[in-house]
Structures are given as structure tokens and as C-alpha cells.
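Remarks on the structure that follows.
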Amino acid sequence: MLKYISNRGGVAPVDFETAILDGFAADGGLYVPQVLPSVSAEQLQQWKDLTYLELAFEILSLFIDRSIVSADELKELLTSAYAPFEKQGIIPLQQLKSRKDTYIMELFHGPTISFKDIGLAFLVNLVNFFLQRKGQHLSLIVATTGDTGPATAYFSAGKSNIDAWVLYPKEMITPEQERQMTSLQHANIHPFAVSNCPDGGDDLDAVISKLYDNQDFKEKLQLSSVNSINWGRVMMQTVHYFYAYLQVTDQVGEKINLSVPSGGFGNLCAGALAREMGLPIKNLLAANNKNACLQRIFSTGTFSKEALINTESSAIDILIPFNFWRYLYFKVNGDSQKIKDWMDEFKASGTLQFDPQVFACYSQGFLASSVTDEQTLALINEIYSEEGYLLDPHAAVGLGASDILTDQLGDEKLVVLATAHPAKFPETIRRALNSAELPPEATHHSIESAKKLSQKVHLCEYQVLESALIHAMQSNWELTKGL
Ligand SMILES: Cc1ncc(COP(=O)(O)O)c(C=O)c1O
């Protein structure tokens, strides 16, 4: 049976169900499969005409033991997870007319219109399935820069085995994203708007880590997370890399490039693992905005935390790409002691310089770039004027990075991951198009309906967040348990 271990090496191997329900490993590490499954060219060939759901079934079956989730259960979990998606193909790809061999992979056709729906639709369904089977309850806690929160809230809403605590940095996300979280009236959804977070979502992650360290509290409240620290998110996200590859290539074996607007490296980690499994990817492009941690990691070998810059692509205003440690674990052949030492050094000093050998090893097949707000706005304008296709600011960062790196890319086809719908960022679209009026492509019916609903939210100052959360979670727990 495929077991899961912590990339810091401090916990005994666990089964898939435990890794998913734990979220974080108890030693502060990230769960990884003990062995990464490999996919052969023959398998890819056989998968060429599969639908997204059929492909997801095949890939997930490599990671999930049948004794834990049977084939029928997995099919049913996938079908019900993606039922609320608005497009039949789940992830349509659009070829740009004004660029050669360039495809936009639209990952925003789920109910909360960002790519977070792709991972969370399945993961929350799976968590709920395990909890119902065990007769247990979990308190899920996530920090969000505007997209994980709405998706977690949407998929958790009304599920009686789950309470979802969703923390967001007030004024650092758009009002549209905020409404997606606060307009759900279900008693098990608890949005927290947190003021004065100098480091935005990263500050909220730090408080969540502290709650995890509080063993008594963690156990009593059955604390877990579906942020991309949870292996289930990364696993599910590997599927769209395989799907993109099979959709755009003429024959198996051909290589492609993919550009990914990135913050926490969850999505890119999935792409990197798909390549490790055997998917023929030439370059993965880490597309950063001015918060350029990944650009530093992949161009100079420096992992460092700098001050947060607020940008037009606010969902990737993220300082620490936590999932990088998960990817690195595989690049150093599972040397968890090294990972532990590096993580500890970075935590203590806020900076880390990898030696040239390690840098050469992990950066192979990666390119990185940092895109300015001016470039982001200009590109949204250019693509809309030239071909009537509206990019959201994150997809624009993805395309912008490929423009900057064009000389290093070669002739391979390029897939840019469009991670959110433009309707989530109307002010940026107005600035980009120099127009007070929004085009129809910048609106979405779900956002319009959310505007008509009343809002429910806890307001909180960052300085007191930890105690406020402990108090609110404890009271809710007592209330729901009838204590
Ligand atoms: C729209 C959007 N694009 C990209 C990202 C970056 O994804 P990741 O944190 O997995 O790198 C996020 C979230 O963090 C997002 O919300």
C-alpha cells in the first residue's frame, strides 16, 4: 500500500486517509507519497482521449489505495465534486490568435470562479466522505489571499461534519472575493476579516501554524486544513497538467511549456511532480508579480522573505512559497534531514542560500520571472483589444512572464494557466481597459447574485487574532456539541 511520510522525516508513515485528514504532518512537515508513481508513454497514449473526469480517475488511482477508496467510490466522489462546474469539459483551453501556439487553460469554471475550485471541490468532498465514514468532525482552517477562502466555504457549506474557518486580510482582497465568503449563511462557515496584517495572507498562515502547535487545542477541536499544505490539493492539481498536455499535443512525447501565476507554489509543485512522474514538460515558468520570492529561488538560489508589495494580481501577493519544500524533497532524493535543516534555517533567519549543486538540480526545467503591474495592465489591454479575450490579472502575469522569457522558451507549445475569472477583479480590469464601464466578459452571474445577499463576518485585529480564534472556535465547538 502506498504510504505517506512527512518531508521533514519526523513521523511514521501513514495511510492516505490519515495524510488527508491531518493536513499538516505532526512534525510541521508536508505529507508526500513515499514513492512517486511513474506514468509511461504508453499510459499517456491510452489516456489521450479521456475526459477530464476519466483522466482524474486514472491519476488519482495511482495515489489512493483501493482499500481506502474503492473504484466506485472514487468515481462517485469525482462526479459529485465537479457537478457544480459550469462547463462540461471542466477545464476548456482557448488558443490565442495573436500569439503562436499559445493556449490559455481556463481553470475558473467552478462555482467560485478560480482554480482553487479544481482542488477543493474534490478534497472537501473526500474529507467529508472520510469523516462520515468515521463518524468524526473536523474544524478546517484556511488562510486566503482571496480564492482559497471562497472555494473552501462553498464546498464546505452545509456539511455537518465540517466547520470551516476562513481567514482573510481585510482590504487586501477584492470586495467581490470578500462577498463570496461572507454571503454564505450556513452556520458551519465562519469568515474572519483580519485588519492590519503587514504581510497579508502569510501573517494568517503564521497564526494557523501556532494553533497547530497548540497540541491540546488541535486535538480537542480536531483541527485540520485544506490549504495547499494538504497533499490532497497538490495531488488533485497534478491532473490539470496531464489534461493540458493531452489536449494540446499532437503526439505523446512532444514537449510543452507551461506558465503558472504563482504564490505559494502549490499549483507549480503539482506541475513539477507531474513532470517527475513522466509528463514531458520542457519548462515550467514560475510567474511572479513584484512579490518575487520564486523568481529569486529559481534565478539566484536564494530563498528569502521580503516586505509585501500590494499589486494588481493580489491573489499572488504571497511571500513564502511553502510548497517549494515539498518539491525540493523529491529533488534531493528524499533526504528529509536536509529539508528539515533548510526549513529550520529559513524559519530562524528569513533567508537561505542554496549551494550551487542543489540550485542546479532543483532549477533544471524551471524559468522564472517577475511581472510589474504596468506590464500586467498593458497585457490585459493588448489581448482584449487585439482579440476580444479578457485575461484576469493573474493569467496576465502568466502570459507576461512568458513574454519576458520568450528567448529562452523555444518553439514548443505554451500553456498559460488562467487561475481566476476577471469578474473577481473589476477595478483592475477598469484600469487596464481605461474605461469606467466593464465589458460583459468582466462580469459573472455568481458575483452579481452574491451582491444581493446579506453578509456575515467576524471582524478582528491581527494582533489579537490567535486569542479571538481560540475563543470563537471553542465556543462554536461547545455550542455544536451541546455542552
Ligand atoms: C488566482 C490565483 N492565481 C494563482 C495563485 C497561486 O497559487 P499557488 O499559491 O498554488 O502558487 C492563487 C493563490 O494563491 C490564486 O488565487
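Residues in the range 433-468 that are assigned to a loop (DSSP other than H, G, I, E, B) and of a type in the set (S, T, N, Q): 5 in all. Within this structure, T152 fails the test of being closer than 24 Å to A442 by Cβ, of a type in the set (S, T, N, Q) and touching a residue at least 60 places away in the same chain (Cβ under 8 Å). For the range 342-352, the candidate set comprises residues that are in a helix (DSSP H, G or I) and without any contact (Cβ under 8 Å) to a residue 60 or more places away in the chain; within that set, the residue that is surrounded by the most Cβ atoms within 10 Å (Cβ to Cβ) is W342. For residues in the range 447-477 being under 17 Å from I162 (Cβ atoms) and out of contact with any helix residue (DSSP H, G or I) (no Cβ under 8 Å at 6 or more places or on another chain), which is surrounded by the most Cβ atoms within 10 Å (Cβ to Cβ)? Looking at residues that are under 17 Å from I162 (Cβ atoms) and out of contact with any helix residue (DSSP H, G or I) (no Cβ under 8 Å at 6 or more places or on another chain), I get N476. When F217, F242 are checked against the criterion of being part of a helix (DSSP H, G or I), aromatic (F, W, Y) and farther than 30 Å from V35 by Cα, a single residue qualifies: F217. For the range 192-211, the count of residues that are of a type in the set (F, W, Y) and at pLDDT below 95 is zero.
Looking at this structure, is L211 away from the ligand (no atom under 16 Å from the Cβ), in contact (Cβ under 8 Å) with a residue 24 or more places away in the chain and either of a type in the set (D, E) or farther than 30 Å from L55 by Cβ (or both)? So L211 fits the description; yes.
Applying the set (1) away from the ligand (no atom under 16 Å from the Cβ); (2) surrounded by fewer than 20 Cβ atoms within 10 Å (Cβ to Cβ) to P111 leaves exactly one unmet item: (1).
Does the range 275-289 contain at least one residue that is in a helix (DSSP H, G or I) and surrounded by 24 or more Cβ atoms within 10 Å (Cβ to Cβ)? No. Scan the range 256-267 for residues that are assigned to a strand (DSSP E or B) and either within 15 Å of the ligand (Cβ to nearest atom) or under 13 Å from F324 (Cβ atoms) (or both) and report the count. Total satisfying the criteria: 4. Of all residues in the range 146-170, those satisfying the criterion of being assigned to a helix (DSSP H, G or I) and either closer than 23 Å to S313 by Cα or charged (D, E, K, R) (or both) are T148, G149, P150, A151, T152, A153, Y154. For the range 233-251, the condition of being of a type in the set (F, W, Y), touching a residue at least 12 places away in the same chain (Cβ under 8 Å) and within 14 Å of the ligand (Cβ to nearest atom) holds for at least one residue.
Taken over the range 146-191, the criterion of being within 12 Å of the ligand (Cβ to nearest atom), farther than 19 Å from Y82 by Cα and surrounded by 24 or more Cβ atoms within 10 Å (Cβ to Cβ) is satisfied by G146, Y168, I173, Q177.
This table checks each residue for (1) over 15 Å from M235 (Cα atoms); (2) modelled with pLDDT of 95 or more; (3) in contact with a Gly (Cβ under 6 Å, 6 or more places away or on another chain).
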position: R8; (1), (2), (3): yes, yes, yes
position: A12; (1), (2), (3): yes, yes, no
position: D15; (1), (2), (3): no, yes, no
position: L30; (1), (2), (3): no, yes, no
position: P37; (1), (2), (3): no, yes, no
position: K48; (1), (2), (3): yes, yes, no
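Specify the residue that is surrounded by the most Cβ atoms within 10 Å (Cβ to Cβ); the eligible residues are those in the range 402-414 that are touching a residue at least 24 places away in the same chain (Cβ under 8 Å) and in a helix (DSSP H, G or I). Result: S402. Can you tell me which condition V32 does not meet? The list is (1) of a type in the set (V, I, T); (2) exposed (fewer than 14 other Cβ atoms within 10 Å of the Cβ); (3) outside any loop (DSSP other than H, G, I, E, B), and all the others hold. Exception for V32: condition (2).
Residue-wise test of (1) under 24 Å from the mean Cα position of the chain (by Cα); (2) part of a strand (DSSP E or B).
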residue: A396; (1), (2): yes, no
residue: V416; (1), (2): yes, yes
residue: A423; (1), (2): yes, no
residue: I470; (1), (2): no, no
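The condition (being more than 16 Å from the ligand (Cβ to nearest atom) and part of a loop (DSSP other than H, G, I, E, B)) is satisfied by just one residue among E374, E306: E306. Please tell me if I339 is buried (at least 18 other Cβ atoms within 10 Å of the Cβ) and under 30 Å from I5 (Cα atoms). Considered against the rule, which asks whether it is buried (at least 18 other Cβ atoms within 10 Å of the Cβ) and under 30 Å from I5 (Cα atoms), I339 comes out as yes. Count of the range 192-205 residues, restricted to those that are within 16 Å of the ligand (Cβ to nearest atom) and either farther than 22 Å from T428 by Cβ or hydrophobic (A, V, I, L, M, F, W, C) (or both), is 4. Residues in the range 309-335 that are out of contact with any strand residue (DSSP E or B) (no Cβ under 9 Å at 6 or more places or on another chain) and assigned to a helix (DSSP H, G or I) were compared, and the one that is farthest from the ligand (Cβ to nearest atom) is K331. Taking the listed residues I173, I229, the one that is aliphatic (A, V, I, L, M), part of a loop (DSSP other than H, G, I, E, B) and either modelled with pLDDT under 95 or within 15 Å of the chain's Cα centre (by Cα) (or both) is I229, with no other qualifying. With respect to being within 11 Å of the ligand (Cβ to nearest atom), under 17 Å from the mean Cα position of the chain (by Cα) and farther than 24 Å from I173 by Cα, A270 fits the description.
The values are calculated or read from the model by the stated rules, or taken from the named source; none is laboratory data. What you see is a predicted model, and the numbers here were worked out from it, not measured in a lab. Positions of Cβ are generated from backbone atoms using ideal geometry, with glycine treated the same way; all protein chains shown enter the neighbour counts.
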